[in-house]
Amino acid sequence: MSSRPKKLLVLLLLSLLFCLAACGTAEQSAESPAQAEQSAPAIAPPEKREPAAHPEVKVYFDGLLSDRGYYENNTLYLAPEAICKYFSLEPVTASDSSSFEISFPGLSLTGAKEQEYMIANDRYLYTPTYYIEEKDGSQSRIYLPQDVIERVFGVKIEFSPDEMKAELNYGVLSLIKGGENYYISNFPNEELYWLSRIIYAEAKDQPMEGLIGVGNVVYNRVKSDEFPHTVFDVIFDKRVRVQFDPAATGGVKGEPDERSVIAACLCMEGYNTVGDCMYFVNPDRGDSSWFDKDLEFVISLGDHDFYR
């Protein structure tokens, strides 16, 4: 065979190989969209959400928009469910029309509507603004005050009311420590014993903020150089005159009710409703002229006026 036919044969074989390669590439290109379509995640249509009854807040975790919160009564409300997800926790939540319970290893948190406190690991949290329950699609979701979230999870939330934006940056989980008999185990026994009794004797029929206020006055005096430095000595102080009438009448020795004990525990937790006040009076039952003349009025809570 001459060299010319050989060259033609080689060219034909090369052309055939090129066509086969091109066809294979075309087939792969044709398959690519189908393969991409199969690997794309399915996105379910969003559930219909009723308009919220409270102004919404954008919530960011480590700079990423992660959830929504609400702003009401000058209080930011956040979903504990979102905080749990951030820390890879799996909470068990139960709620009805009047109460809720959230639990997972290391935490038990309960609350009830119209109840001014929650209980976390047997410790009391003051919640005068209660909590919010909102519909999220077909589910109900609990939203707790910012202070509760921070105390329970040990995180810090930065909130800007002007921007309606809340941020948690690089949070470190530190669940609230508690346990049965927490207050007896962590505070002098006489504090809870006498503080709860003076609160009951002075303010048993008052709102919770008023009960806490009476306890705050006692603690403010304990910390002051003008008064004795124990709860017992402040209550029974007679250096000038009797400071608390129930100490003179014996009413302070009465058994306190549950609300008074809880108010005493809330004072131990550091909650304060009267600032640095060291005096209070019921103007309908006692002469308040000295208070108005020599002291500075701060606030009225229930039937009592508080002064510094």
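Rolling a 1.4 Å probe over the heavy atoms of the protein chains gives segment 81-218 an accessible area of 48 Å² per residue. Taking all protein chains into account, the per residue accessible area for segment 254-298 stands at 53 Å² (1.4 Å probe). Relative to the current alpha-carbon distance between residue 300 and residue 190, full extension at 0.36 nm per residue lengthens the span by 36.8 nm. From the alpha carbon centroid of segment 280-299 to that of segment 175-220 is 24 Å.
Remark: segment 82-89, residue by residue, has Karplus-estimated 3J(HN,Hα) of 5, 5, 4, 4, 4, 9, 6, 9 Hz, where x stands for each Gly or Pro and the curve is 6.51 cos²θ - 1.76 cosθ + 1.60 at θ = phi - 60°. What pairs from 253/293; 58/85; 58/135; 204/238; 204/253 go past 21 Å between their alpha carbons? Over 21 Å Cα-Cα: 253/293; 204/238.
The values are calculated or read from the model by the stated rules, or taken from the named source; none is laboratory data. Computed from a prediction, not measured in an experiment: that's the story for all the values here. Surface accessibility is based on the protein's heavy atoms, side chains included, excluding ligands, DNA and RNA. Shrake-Rupley method; radii C 1.70, N 1.55, O 1.52, S 1.80 Å.
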